[in-house]
Amino acid sequence: MLLALAGAVYIALVAIYARPIADDWWHIAVARQPDPISQFHQTWLIWSDRFSGFVVLDLSTRLFGALAVNVVPLALLLALWALSVTTMRNCMAAAHVPLKMLDAASLCLLGTVAVVATSPSIYDTLWLSGACFYLGAVVAATGVAAWCAHLVKTPRGSRRGAFWWSLCAGFVASGFHEVVGAVLILAAALGTVTVRSELSREDRSRATVGFIAIAVGSSVGIVLNLLGSGSSRRAADQHAHVNLLAAVRTAGHNLSFVGHDIRDGVLLLALATGIVAWDRLGSVRPGRSRVWLLVWSAFMLLVPWLATSALTTWGGSNESGDRSPFRAGFLETGSVAVAASILVMLLLSSFPQLLSRTRAMALTIILLAGGVIGLAHKTGPMLTAERMRIHALDLRAASVAAQLKSGRRIITVTPAPLLTVDTQVYDLSFAERSEQRGWIVQAFRIYYRIPQADRIEITDAQPRRYCRPNVTAPWAGVQSCQALAADR
């Protein structure tokens, strides 16, 4: 529990040290408008049609302003943990397996840390304008899983209520992100086959109706998501088109995300979660229970990976290296962590002689310690970069405010990109003005309330103290401390 809490602290600090950047500037600035309908119209119908994510983004920026960059990720992490606990308790109740609340809470805390730790970039996963859609989609999918387990646990309830609640659940979840909507449709189909195989005719009726409704709701949500004006505009800007060969190539390249998790050691947390689950929940009964868990493990390994690869490729949103964006890669790596935990539990259930309880505890502590060390190594440089950026932002905000107060018509600003290569979220760049992203400059202008008539002059000289050893990011014009010293 202490080791799981230590990992949770590292992840939480990434959210706590976050400050507005890129899309955040635009959304926070738009939230200052007195008309919430106008805000929702500008975000949903102009940017994309991921309606559920924009509801969270618009409400949070209106309620908390710039603090939303800290509040939303932390709230979503807590929601993921709480819904995981609910899912596990419902599953165990459906299987008539006793489970203490403390055991469920501890195990799900460890599982939540293990899932989030696999993110290709924890910063990008917790970034406000990404978390509302990608992390939010994972939270929503976990909520759908909790609801499905509830349907199986209480088979004698109203089928009409199950249909409408399930329809809404699928619709809302797919409104966060189309990848999760596609996964839910396939998961609902597999869930229908599972309950029809395992439950009696009377007990499976309500769950079957619910699963079908989830698939229908998810389908409607995906259609609204992808065919609306905002998504159509974004697809045109990104030159979206269906290309099967490109999707296969992206799927191959996306495997590097899992490779990095193995290299960094953070996947050890998922293995430890599987051992703890076996110890706390007991062995899975021989027979079809093990077969179905193996099937669902294969589903978690393959379907999110393939769906993410295909839809990001066809949407034209792949990043350098022909891979899905880091924040989308989390949909793949998180599901791999869940599958790895289940497979470890199945392995120990099939061969209980491999570990005694004492050895299981010792191995768990070793794996957890290694995983937390890997997580600390992964987040440490990010936390350092975030703290440095906070100081740079304070200086920049004071400088812009002083220049505006003095009546200057040319506002000089200094970029403050995050000093790491493990992000795809950008501040202004130290590169030449011709290489600046125009939409970032415009978002920066409205966030800092710089009049359109004033010209923004971006400094291309990286400050001597704003650097890190051996950290170079040419796309943001960032040089390492060694390179800056050599330029003197």
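The values are calculated or read from the model by the stated rules, or taken from the named source; none is laboratory data. Just so you know, these numbers come straight off a predicted model, no measurement behind them. Counting neighbours? That spans all protein chains shown, and the Cβs are built from the backbone with ideal geometry, glycine included.
Looking only at the range 369-388, decide whether some residue is in a strand (DSSP E or B) and either crowded, with 20+ Cβ neighbours inside 10 Å or not β-branched (Val, Ile, Thr) (or both).
No, the range 369-388 contains no residue that is in a strand (DSSP E or B) and either crowded, with 20+ Cβ neighbours inside 10 Å or not β-branched (Val, Ile, Thr) (or both).
Can you spot a residue in the range 413-433 that is among the basic types (Lys, Arg), modelled with pLDDT under 90, touching a Ser or Thr at 6+ places or on another chain (Cβ under 8 Å) and closer than 28 Å to Thr43 by Cα?
No - not one qualifying residue is present in the range 413-433.
Cβ contacts < 9 Å: first residue at positive phi, restricted to the range 233-244; second residue surrounded by 14 or more Cβ atoms within 10 Å (Cβ to Cβ), any location; separation 6+ or different chain. Result?
His239/Gly316
Take Val478 and tell me if it is over 25 Å from the mean Cα position of the chain (by Cα), over 26 Å from Val30 (Cα atoms) and surrounded by 18 or more Cβ atoms within 10 Å (Cβ to Cβ).
Criteria met by Val478.
Kindly indicate whether any position in the range 328-344 is touching a Ser or Thr at 6+ places or on another chain (Cβ under 8 Å), acidic (Asp, Glu) and in a helix (DSSP H, G or I).
Within the range 328-344, one or more residues are touching a Ser or Thr at 6+ places or on another chain (Cβ under 8 Å), acidic (Asp, Glu) and in a helix (DSSP H, G or I).
Hey, among the residues in the range 394-409 that are among the polar types (S, T, N, Q) and in contact with a strand residue (DSSP E or B) (Cβ under 9 Å, 6 or more places away or on another chain), which one's surrounded by the most Cβ atoms within 10 Å (Cβ to Cβ)?
For the range 394-409, the residue satisfying everything is Gln403.
Table: residues versus (1) surrounded by 14 or more Cβ atoms within 10 Å (Cβ to Cβ); (2) closer than 30 Å to Pro325 by Cβ.
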position: Ser197; (1), (2): no, no
position: Ala207; (1), (2): yes, no
position: Ser229; (1), (2): no, yes
position: Gly252; (1), (2): no, yes
position: Leu268; (1), (2): yes, yes
position: Gly274; (1), (2): yes, yes
position: Gly287; (1), (2): no, no
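So Thr420 fits all but one of (1) closer than 20 Å to Ile21 by Cα; (2) in a helix (DSSP H, G or I); (3) of a type in the set (S, T, N, Q); what number is the exception?
Every condition holds for Thr420 apart from (2).
Of all residues being outside any loop (DSSP other than H, G, I, E, B) and acidic (Asp, Glu) in the range 430-475, which is nearest to the chain's Cα centre (by Cα)? Just the residue, please.
Once the filter is applied, the top-ranked residue is Glu435.
Residues that are modelled with pLDDT under 90 and charged (D, E, K, R): find the helices (runs of 4 or more DSSP H) completely inside the range 188-296 holding 3 or more of those.
201-227, 229-237
Would you mind finding the one in Thr379, Thr420 that is touching a strand residue (DSSP E or B) at 6+ places or on another chain (Cβ under 8 Å) and either of a type in the set (Lys, Arg) or under 23 Å from Ser121 (Cβ atoms) (or both)?
After applying the criteria, what remains is Thr420.
Test each condition in (1) surrounded by 13 or more Cβ atoms within 10 Å (Cβ to Cβ); (2) touching a residue at least 12 places away in the same chain (Cβ under 8 Å) for Arg445 and report the one that comes out false.
Exception for Arg445: condition (2).
In the range 129-179, what residues are modelled with pLDDT under 95, of a type in the set (Val, Ile, Thr) and in a helix (DSSP H, G or I)?
The answer is Val152, Val179.
Of all residues in the range 61-82 being surrounded by fewer than 23 Cβ atoms within 10 Å (Cβ to Cβ) and of a type in the set (Gly, Ala, Ser), which is nearest to Ile21 (Cα to Cα)?
Among them, the one singled out is Ala66.
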